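Data first, discussion second: the structure below is written as structure tokens.
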Amino acid sequence: MIQTLRNMSVVVLSVFIFISNTAIAQTDLVVRGSGRLYPIGVPQLCLQSGETGAVREIPEVLARDLDISGYFEVLNPNAYVETPGKCADSPDGYAYSDWSVIGAEGLVRGVVVEDDDELKVQLFLHDVQKQKIVLGKEYDGHKTQAREIAHRFANEVMRFFTGEDGVFGSKIAFSTRIGRFKELAVMDMDGTGERQLTDEKGLAMSSSWGPAGQVLVYTSYRQRMPDLFMINTLDRKVKRVTRGTGLEVGAQFGPDGKSLLASQTFGKESHLVLFDLEGRLKRRLTAVPGVIDVSPKWSPGFRKIAFCSNRSGGPQIFTMDASGQNVKRISFVKSNYCTSPAWSPLGDRIAFTCRADGGFQIFSSNVDGSDALQLTSVGNNEDPEWSPNGKYLAFSSTFGRGRTYNIGIMRYDGSNIKQLTNSRTGNMDPAWGPIPR
Amino acid sequence: MRLTRLLRVAGRVVLLAGILMLVAACSCRTKRGVANIPMAEEGSILKDVYFAFDSYDIDTTNRSILQSNAMWLKENTESRFVVEGHCDERGTPEYNMALGQKRAQAVYDYLRGLGIGASRMSTVSYGEELPLDPRHNEVAWSKNRRAHFRIER
């Protein structure tokens, strides 16, 4: 348990650029988005001392991250000419021709020193055509932190190419079906490190992260009726939030993590409401008799709210001001059933699910409903959730096979779909945590 | 004589030990947590009512089922029950939670109108989570879009 906690707690690493080359930031490398993928080699690292498997694990994790990103084509290691794990006298003391000959334009290589369970890892990004190093980082960490080191360098590579924060190393929480129950689980966003959080033998669902990336708010039947609870993902301690006789579902933390926006169905009415963290009702935001208002989602900056309502017939997506005023329908995609909105952290798009093509598909549009695009078309796809940098969407999908849902991610434009989990009983309803600091 | 008494005492000790073990086993089970949600079950004495996709309307078929359920409830005034709202698997789990609650509430309201006391009834939604028929076709879906009566006593 202590070991687990240690792994889960904030990774302490010294990170600094240690090569002082004036030409570092000067490069012609261009990222071409979802068009042509940038061919890159990620070979086994050089092991300078010790006997750690990190020399293989780090490039594997890195390669997977770069593949998921949708910007890179990681070249097949079987095609590499250079001897795996080759060491040289200096970071650029290798033959670039070994890499240009197999079509690599980029190359990540590095050196690992293992000393008494501690790792010192140097990683370099090379521009193969210009035959020079364009990015270098050094990391110190415990030998169990090889994955984190790989994710951190993947984020550096993404920042180098796109100028934006990467999302590697962030967490995705989701509901997983175990027998007839639904429990919460969490994994890294590359699909690894999955672990079950709850063992309630009930229904644990609709989770959403607190701003520090440690606590999840969710709906649980652990007291046999649906109420909101919070769980600390590190020690798994659970705190009850609401004690109503109605249904509270779809909660999301508000500004500073001090309030909860949720849907409450009680008696004849279904409202969007604000609770404080003790479950006391602060404010009722909607009040249309007889309808369903559900799945409220803050805009970045907490000025507006997107939600799902059947006030105009079937469920559709609406936006309103944080006060509850100025309600506007924004989904107009020829579907009588649209649910589960998600507001991009970049503020410009809202993703949602609609019944279309005989199944359920994910769409996104501008926040006023214009420029609606269908992002998925194979099987059933539901519950989109933006990555913290607004570049990707996590979602539940049948991936075109049967009826069992699993978690996948894709780029914001629907390209580069990757299946992350492979449960035979089902995983659904992803919640993407913040970027680790 | 003394032997008989000894045997009787021994018998009692064994019985007591047995009971203790049973109690221990039960409390152990509780500690680990028995299920917090019920098994899906089909209506028997009180019949289930069924709904159209994405609907919580009490139509004429539902009304006659609920009227005969109400007759039984009026003859069995001691019974308390939960109205469970359920949905088919299609659509988003979160929306279906709210939809199931609406279905349970619609049934609750209709029974109130027929004179069934509020103190005897409560509602709960299980959304799409407790299908009666686990298959993935229209026959299963139409069975799963239901309100079910779980008699508590």
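In table form, for the structure just shown:
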| read-out | value |
| --- | --- |
| Any chance residue A:203 is at pLDDT 95 or above and within 20 Å of residue A:310 (Cβ to Cβ) | no |
| Within segment B:26-58, considering residues that are in a loop (DSSP other than H, G, I, E, B) and of a type in the set (Val, Ile, Thr), the one modelled with the lowest pLDDT | B:34 |
| Subset of segment A:192-228 (residues that are within 12 Å of another protein chain (Cβ to nearest Cβ) and aromatic (Phe, Trp, Tyr)) | A:218, A:221 |
| Exclusive hit being within 11 Å of chain A (Cβ to nearest Cβ) and either crowded, with 24+ Cβ neighbours inside 10 Å or touching a strand residue (DSSP E or B) at 6+ places or on another chain (Cβ under 9 Å) (or both), set B:84, B:128 | B:128 |
| Condition broken by residue A:346, with the remaining ones in (1) within 14 Å of chain B (Cβ to nearest Cβ); (2) part of a loop (DSSP other than H, G, I, E, B); (3) under 17 Å from the mean Cα position of the chain (by Cα) satisfied | (1) |
| Cβ pairs under 7 Å, 6+ apart, first in segment A:246-258 and away from chain B (no Cβ under 14 Å), second part of a strand (DSSP E or B) | A:253/A:208; A:253/A:217; A:253/A:260; A:254/A:260; A:254/A:261; A:254/A:274; A:254/A:298 |
| Which listed residue is within 14 Å of chain B (Cβ to nearest Cβ), surrounded by fewer than 23 Cβ atoms within 10 Å (Cβ to Cβ) and small (Gly, Ala, Ser), from A:141, A:103, A:179, A:163 | A:179 |
| Every pair of residues 6+ apart whose Cβ atoms lie under 7 Å, when the first sits in segment A:378-404 and is more than 14 Å from chain B (Cβ to nearest Cβ) and part of a loop (DSSP other than H, G, I, E, B) while the second is among the hydroxyl-bearing types (Ser, Thr, Tyr) and buried (at least 19 other Cβ atoms within 10 Å of the Cβ) | A:388/A:170; A:390/A:344; A:390/A:412; A:391/A:412 |
| Filter result (within 14 Å of chain B (Cβ to nearest Cβ) and of a type in the set (Gly, Ala, Ser)) within segment A:166-176 | A:175 |
| Every residue from segment B:62-86 that is more than 13 Å from residue B:107 (Cβ to Cβ) and either in a helix (DSSP H, G or I) or touching a His at 6+ places or on another chain (Cβ under 9 Å) (or both) | B:64, B:68, B:71, B:72, B:74, B:75 |
| Matching residues in segment B:87-125 - criterion: being in a helix (DSSP H, G or I), more than 7 Å from chain A (Cβ to nearest Cβ) and either aliphatic (A, V, I, L, M) or within 18 Å of the chain's Cα centre (by Cα) (or both) | B:100, B:103, B:104, B:106, B:107, B:108, B:111, B:118, B:119, B:120 |
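The values are calculated or read from the model by the stated rules, or taken from the named source; none is laboratory data. This is a predicted model, so every value here is computed, not measured. All Cβ positions, even for glycine, are placed from backbone atoms using ideal geometry, and neighbour counts span all protein chains on display.
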